[in-house]
Amino acid sequence: MARKLFFQRDGNWVGEFPHDPEIGWVTGRRGIRRTLCTLASLSYLPDEERVKRLVVLYNAKASELRKAQFQAAEDKKKQQRQRKKMMVKQAAGIWLDEVQTTNSPDTWKAYDQTMNIYLKAVGNHPLSEFDRAMNIKFFNALKVRKSGRGRAISKSTQNKHMRHLQAFLNWAYDHEYLDRRFNLKKATAPKKDMDTIEISDLVSIRSHLEKAIAAESDPDRRFRLENLYRAFKIATNCLLRLGAIWSLKLENIDLKKREIRIRDNDELNWTNKKFKWPNKPINDALFAFLEEDLTNRPPCHRYFLDNGRGGPWYKQSADITRAMGEIFKELNLPSIKPFHHGFRATMITELLTQGEDPYSVQQLADHESVQTTLLYLNSRKVSQTKAANALPGL
């Protein structure tokens, strides 16, 4: 049964063209439609002449579509040829532009560093020529790379750079710059237990800060201790990451709803991990502290850790780590990152060992998956301690 080449719609004659003009009409697919002319423009013609005129217009439009289709195919082939010739540096630039749009500034900075290391170690070659030999060349370059302190970078850091390169190569394959996927060789890094401290150590830190605040007469030192105490309270009761604490504005603490809203901070150019905006519950202990603390704040304060003038306490979140690290030294505690291993990992471990649902802990810790949460569980230490205590005393 012959199909209609054109039909009337909305005051126009409309042509209906198959998806592929070269092979003709495809059964069950209506193809594309294009306006040929208005009904009024041919209304004066007899039916037979009108049909002839419409056939001419139809064929002209079909020819136009074929040319556009051919040109699009040629453009695609040209783009594919250009992709195959693209150099690593140029492709990395396109990739990093996308990363800058879709990821945090810290992620972009880390990826950019990796690509600079790769270009220095392996060179700027056509991306399509990447092979196992170049993987090994980069692998060997990382093995002898020195840190800022002049020491060889750790295998974990080597693997970090290799993971970044893997992300770039995966992107290149997805965008047809590479014909195949690569599974990069990485350094064999030792598997370390998660470093944590004890709950008794957290109690010691809290008591130390409370006593120091009460005894301090110098206003500046007292202000510093108060901010450290605030950071300690919110870190141990909400499991917030340091960046979220550093960038937290008072407007995002809602005591009525008993929640803390984690939001990006454009003033500090800070974005939350994975671009998530979670709301964290305020437990009873933190609520009592915040209720008193916020009541006594001067109107000029805008940040939870405020500098006294409406700005962040420190320009960099790492400075808060160093300040809390001094407290760890005073108490002879392990030399670990206070807000990551000392507070966050310790509390996650405590929740899990006390039998809390891992999925609830995952949500509270703002982890992407429950597997990540379970990695924070210092289960090896806990199980070994239990087994060691069960040994007969000899």
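Contact map, the stretch 140-159: first residue surrounded by 13 or more Cβ atoms within 10 Å (Cβ to Cβ), second residue of a type in the set (Gly, Ala, Ser) and in a loop (DSSP other than H, G, I, E, B), Cβ cut-off under 6 Å, separation 6 or more or different chains; pairs are Ile153/Ser147; Lys155/Ala187; Lys155/Ala189; Gln158/Ala187; Asn159/Ala187; Asn159/Ala189.
In the set (1) under 25 Å from Ala214 (Cβ atoms); (2) out of contact with any strand residue (DSSP E or B) (no Cβ under 7 Å at 6 or more places or on another chain); (3) among the aliphatic types (A, V, I, L, M), the condition left unmet by Leu290 is number (2).
Checking each residue in the stretch 333-360 for being of a type outside the set (Ser, Thr, Tyr) and either outside the structural domain of Ala323 (by TED's automatic domain parsing) or farther than 25 Å from Leu228 by Cα (or both) picks out Leu352, Gln354, Gly355, Glu356, Asp357, Pro358. The single condition among (1) within 18 Å of Ile245 (Cα to Cα); (2) in contact (Cβ under 8 Å) with a residue 24 or more places away in the chain; (3) surrounded by fewer than 18 Cβ atoms within 10 Å (Cβ to Cβ) that Trp270 does not satisfy is (3).
Considering the stretch 332-371 alone, what residues qualify as being under 22 Å from Arg206 (Cβ atoms) and aliphatic (A, V, I, L, M)? Walk me through it before giving the result.
Taking the stretch 332-371 and keeping what is under 22 Å from Arg206 (Cβ atoms), we get 332-354, 356, 361, 364-365.
Hits for the stretch 332-371 are Leu333, Ile336, Ala345, Met347, Ile348, Leu351, Leu352, Val361, Leu364, Ala365.
Inside the stretch 151-187, can you point out the residues that are within 20 Å of Ile117 (Cβ to Cβ), basic (Lys, Arg) and in contact with a helix residue (DSSP H, G or I) (Cβ under 9 Å, 6 or more places away or on another chain)? Passing the criteria: Lys155, Lys160, Arg163, Lys185, Lys186. Residues in the stretch 246-291 that are touching a Ser or Thr at 6+ places or on another chain (Cβ under 6 Å) and in a helix (DSSP H, G or I) were compared, and the one that is nearest to Ala323 (Cα to Cα) is Trp246.
Filtering the stretch 304-318 to residues that are surrounded by fewer than 16 Cβ atoms within 10 Å (Cβ to Cβ) and among the hydrophobic types (A, V, I, L, M, F, W, C) leaves only Ala318. Looking at Thr321, Thr353, can you tell me which residue is modelled with pLDDT of 90 or more and surrounded by 12 or more Cβ atoms within 10 Å (Cβ to Cβ)? When all the criteria are applied, what remains is Thr321.
Taking the listed residues Lys280, Lys256, the one that is out of contact with any helix residue (DSSP H, G or I) (no Cβ under 7 Å at 6 or more places or on another chain) and over 16 Å from Trp313 (Cα atoms) is Lys256, with no other qualifying. Among the conditions (1) exposed (fewer than 15 other Cβ atoms within 10 Å of the Cβ); (2) in contact with a Phe, Trp or Tyr (Cβ under 9 Å, 6 or more places away or on another chain); (3) under 27 Å from Lys337 (Cβ atoms), Thr196 misses just one, which is (1). Answer with yes or no whether Ser217 is more than 27 Å from the chain's Cα centre (by Cα), within 29 Å of His340 (Cβ to Cβ) and of a type in the set (S, T, N, Q). No, not satisfied. Consider Lys186 against the criteria (1) of a type outside the set (Phe, Trp, Tyr); (2) outside any loop (DSSP other than H, G, I, E, B); (3) under 24 Å from the mean Cα position of the chain (by Cα): it satisfies all of them except one. Which criterion is unmet? Just one mismatch for Lys186, condition (2). Being within 21 Å of Gly243 (Cβ to Cβ) and assigned to a helix (DSSP H, G or I), is that true of even one residue in the stretch 298-311? The answer is no; no qualifying residue exists.
Would you mention how many residues in the stretch 42-88 are hydroxyl-bearing (Ser, Thr, Tyr) and surrounded by 13 or more Cβ atoms within 10 Å (Cβ to Cβ)? Full working, then the answer.
Filtering the stretch 42-88 down to residues hydroxyl-bearing (Ser, Thr, Tyr) leaves 43-44, 58, 63.
Of the ones still in play, those that are also surrounded by 13 or more Cβ atoms within 10 Å (Cβ to Cβ) are 58.
Counting residues in the stretch 42-88 that are hydroxyl-bearing (Ser, Thr, Tyr) and surrounded by 13 or more Cβ atoms within 10 Å (Cβ to Cβ) gives 1.
The values are calculated or read from the model by the stated rules, or taken from the named source; none is laboratory data. Owing to the predicted nature of the structure, the values given are computational and were not obtained by experimental measurement. Here Cβ is always computed from backbone atoms with ideal geometry, including for glycine, and neighbour counts include all displayed protein chains.
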